[in-house]
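As structure tokens, the structure follows; a few thoughts come after it.
The values are calculated or read from the model by the stated rules, or taken from the named source; none is laboratory data. Remember, it's a predicted structure, so these values are computed and weren't measured experimentally. Ideal geometry is used to build each Cβ from the backbone, glycine not excepted, and the neighbour counts take in all protein chains shown. Surface accessibility is based on the protein's heavy atoms, side chains included, excluding ligands, DNA and RNA. Shrake-Rupley method; radii C 1.70, N 1.55, O 1.52, S 1.80 Å.
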Amino acid sequence: AANHIAYRVIYRDADVAQFDPDRAVQVVKLHGTILDPDSLVYKRSQYIRFWEERRLLLNLVCTLMATRSILFIGYGFGDPNILALLDTLRDRLGRLRREHYSLTFGVGPISSAFVGQGIRTIEGADPAGRPNYESLTKQFLANLTSSSRLFSLSNLERSRLINSELDRLIKRMPPKPVLRMRGSL
């Protein structure tokens with residue numbers, strides 16, 4: 001493809017030290033990767049030991065879920081560890097909790113479970129008939145990445161955008177406005 005996007009896969013504690021969203025897209029694979037079959041989590045006993053064996057990964061995921069919005073793709077509420085983490089974040093952060101999203105296909109028990117957890121659902125496509133979920137998911141991600149590039153700005157571009165917006169606001173305000181701004185880039 002013409003659009004090569006740099007990415008890094010994080011799936012072990014050792015990978016956490018390489019986490020750097022400023023250099024590449026970070027893909028966190030909590031249950032391992034097919035490229036390392038020994039890392040895959042699929043047995044009940046592995047789920048039970050999961051966070052015990054991956055403490056750094058747990059800390060990273062907790063921080064990401066507490067400070068950023070997460071898009072769930074292909075999660076079917078079968079992982080008790082994620083459910084416990086969502087409950088903990090809801091209990092500890094309350095209304096301050098970040099919004100999370102899930103790509104769903106049709107209304108059903110899984111989309112209802114997301115809503116029950118306070119996660120907004122995004123409809124992937126009309127599930128009439130037997131849709132090809134893989135191609136619909138790929139199309140959704142392609143649309144998401146193409147539209148997000150419009151908003152992917154450097155810090156300098158963000159600063160210029162903010163400053164031009166502030167200038168526009170100041171010009172519309174009555175004489176001698178007091179404008180206080182808080183935030184970070």
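Taking the options SER112, SER135, SER147, SER164, name whichever one is modelled with pLDDT under 60, part of a helix (DSSP H, G or I) and among the polar types (S, T, N, Q). Talk me through it step by step, then tell me what you get.
On the way: SER112 fails: modelled with pLDDT under 60; SER135 fails: modelled with pLDDT under 60; SER164 fails: modelled with pLDDT under 60.
Within the list SER112, SER135, SER147, SER164, the selection yields SER147.
Output the residue which, of all residues in the range 17-31 that are in a loop (DSSP other than H, G, I, E, B) and not aliphatic (A, V, I, L, M), is most open to solvent (accessible area, probe 1.4 Å). If you could, list the steps in order and put the result at the bottom.
From the range 17-31, those in a loop (DSSP other than H, G, I, E, B) are 17-24, 29-31; that's our starting set.
Retained after the next criterion (residues that are not aliphatic (A, V, I, L, M)): 18-23, 29, 31.
Details: GLN18: 100, PHE19: 50, ASP20: 44, PRO21: 62, ASP22: 145, ARG23: 184, LYS29: 74, HIS31: 51 Å².
Restricting to residues being in a loop (DSSP other than H, G, I, E, B) and not aliphatic (A, V, I, L, M), the top hit is ARG23.
Please pick out the residue among ARG68, ARG95 that is touching a residue at least 24 places away in the same chain (Cβ under 8 Å), open to solvent by 20 Å² or more (accessible area, probe 1.4 Å) and basic (Lys, Arg).
Details: ARG95 fails: touching a residue at least 24 places away in the same chain (Cβ under 8 Å).
Among ARG68, ARG95, only ARG68 is touching a residue at least 24 places away in the same chain (Cβ under 8 Å), open to solvent by 20 Å² or more (accessible area, probe 1.4 Å) and basic (Lys, Arg).
What residue, of GLY78, GLY74, is under 15 Å from the mean Cα position of the chain (by Cα), at pLDDT below 85, exposed (fewer than 11 other Cβ atoms within 10 Å of the Cβ) and within 29 Å of ALA142 (Cα to Cα)? Even if it seems obvious, please write down each step before you answer.
Details: GLY78 fails: under 15 Å from the mean Cα position of the chain (by Cα).
Just a single option satisfies the conditions, and that option is GLY74.
Among the residues of the range 98-109, which ones are surrounded by 15 or more Cβ atoms within 10 Å (Cβ to Cβ), part of a loop (DSSP other than H, G, I, E, B) and at pLDDT below 80? Give the steps one after another, and end with the answer.
Here is the first cut: in the range 98-109, the ones surrounded by 15 or more Cβ atoms within 10 Å (Cβ to Cβ) are 100-105.
Cutting the leftovers down to part of a loop (DSSP other than H, G, I, E, B) gives us 100, 105.
Within the range 98-109, PHE105 is the sole residue that qualifies.
Give just the number: which of (1) modelled with pLDDT under 80; (2) open to solvent by less than 50 Å² (accessible area, probe 1.4 Å) does LEU85 not satisfy?
(1)
Return the pair list, or none, for Cβ contacts closer than 6 Å from residues in the range 4-27 that are farther than 29 Å from GLU52 by Cβ to residues that are in a loop (DSSP other than H, G, I, E, B) and open to solvent by less than 40 Å² (accessible area, probe 1.4 Å), at least 6 apart or on different chains.
ALA6/ALA24
Hey, any hits in the range 2-16 for a residue that's surrounded by 15 or more Cβ atoms within 10 Å (Cβ to Cβ), in contact with a Leu (Cβ under 8 Å, 6 or more places away or on another chain), aromatic (Phe, Trp, Tyr) and farther than 24 Å from GLU134 by Cβ?
Taking every residue of the range 2-16 in turn, none turns out to be surrounded by 15 or more Cβ atoms within 10 Å (Cβ to Cβ), in contact with a Leu (Cβ under 8 Å, 6 or more places away or on another chain), aromatic (Phe, Trp, Tyr) and farther than 24 Å from GLU134 by Cβ.
So VAL61 clears everything in (1) open to solvent by less than 40 Å² (accessible area, probe 1.4 Å); (2) in a strand (DSSP E or B) except one condition, right? Which one?
(2)
Can you tell me how many residues within the range 32-42 are under 20 Å from ASP79 (Cβ atoms), open to solvent by 50 Å² or more (accessible area, probe 1.4 Å) and either at pLDDT 85 or above or among the β-branched types (Val, Ile, Thr) (or both)? Working first, answer last.
Taking the range 32-42 first, the residues under 20 Å from ASP79 (Cβ atoms) are 32-34, 36-42.
Within this subset, residues satisfying the condition of being open to solvent by 50 Å² or more (accessible area, probe 1.4 Å) are 34, 37-38, 42.
If we keep only those that are either at pLDDT 85 or above or among the β-branched types (Val, Ile, Thr) (or both) too, we end up with 34, 37-38.
Looking only at that region, the number is 3.
Sort through ARG120, ARG90 and tell me the only one that's open to solvent by 70 Å² or more (accessible area, probe 1.4 Å), over 20 Å from GLN26 (Cα atoms), under 13 Å from the mean Cα position of the chain (by Cα) and modelled with pLDDT of 75 or more.
Numbers: ARG90 fails: under 13 Å from the mean Cα position of the chain (by Cα).
One residue alone meets the criteria, ARG120.
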